[in-house]
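Everything on this sheet refers to the single structure shown next.
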Amino acid sequence: MPIKKNRSPRIWITVPYCHKDEGKRKGRDLGFAYNQYANMIPDGDWLCSIDHDACFLTKGWFRMLESAIAEKPDAGMFVVNTNRLRPRKSGWQLYGDKNCHDISVLRKQAVELFRKYGAELEDVTEIESKKWRPSSGFFMLISKEIWQNVIGELHGMYKLDYLIFRKLVESKLKVYRIKGLLMYHWFNGKRL
């Protein structure tokens with residue numbers, strides 16, 4: 001589907017899920033779900049994939065995504081901060097108390113982070129590539145063009161976020177963190 005002239009790119013928010021009768025490994029193919037969503041959105045638009053156990057904490061999150069795309073339309077991917085994930089891998093994305101599940105506390109932290117940084121972008125490509133600390137896949141904002149031309153068709157259930165990052169780095173594309181955006185991530189709800 002061609003993009004209409006003089007139209008800003010749209011952002012399609014998805015929570016990828018592979019149904020039990022889909023994918024190469026029936027029901028165990030998150031890559032299949034990513035591919036399906038990427039193929040459904042119109043050319044020129046962006047795919048924002050979030051995990052089923054993640055949510056935004058501030059009112060202005062969508063405008064921040066639009067601002068990031070407007071500032072760096074040639075970005076390979078945008079990522080954000082979170083309260084919970086495996087610190088060994090993507091600890092540079094952590095903000096606040098990883099064992100806190102109190103949304104009112106997390107919302108205050110999100111507002112604090114937003115006031116401090118707003119929609120400021122940070123190039124995290126080098127952080128990731130030098131130390132092999134790829135961003136976590138709880139949130140990924142990628143253009144359809146990048147998906148089709150760089151990432152291509154994916155299959156599998158685990159570590160797809162690492163594979164996506166590696167393909168972006170190999171293609172000399174930048175990954176940016178939206179510094180003022182914090183998302184809650186349940187991430188099993190256990191103490192980390």
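Quick look at the values:
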quantity	calculated
Inter-label distance, nm, simple model (7 Å from Cα along the C-beta direction), residue 36/residue 115	4.3
DSSP beta bridges in the chain [antiparallel fraction, %, rounded to 5]	55
Length-normalised contact order of the range 12-74 in % [C-alpha pairs under 8 Å, at least 6 apart]	33
Hull shadow area, averaged, the range 1-83 [alpha-carbon convex hull, nm²]	6.9
Over the chain, relative contact order from alpha-carbon pairs under 8 Å, at least 6 apart, %	34
Per residue, the convex hull volume that the Cα atoms of the chain enclose (Å³)	118
Over the range 91-192, relative contact order from alpha-carbon pairs under 8 Å, at least 6 apart, %	49
Computed [θ] at 222 nm, deg cm²/dmol, the chain (DSSP H ≥ 4; -39,500 (n - 2.57); rounded to nearest 500)	-9000 deg cm²/dmol
Distance from the range 157-184 to the range 42-60 (C-alpha centre basis), Å	14
Rg followed by Dmax, in Å, when the range 37-127 is reduced to its Cα trace	14.3, 40
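Every number here is computed from the coordinates shown, using simple stated rules; none is lab data. Keep in mind that what you see is a predicted model, and the values were worked out from it rather than measured. Here Cβ is always computed from backbone atoms with ideal geometry, including for glycine, and neighbour counts include all displayed protein chains.
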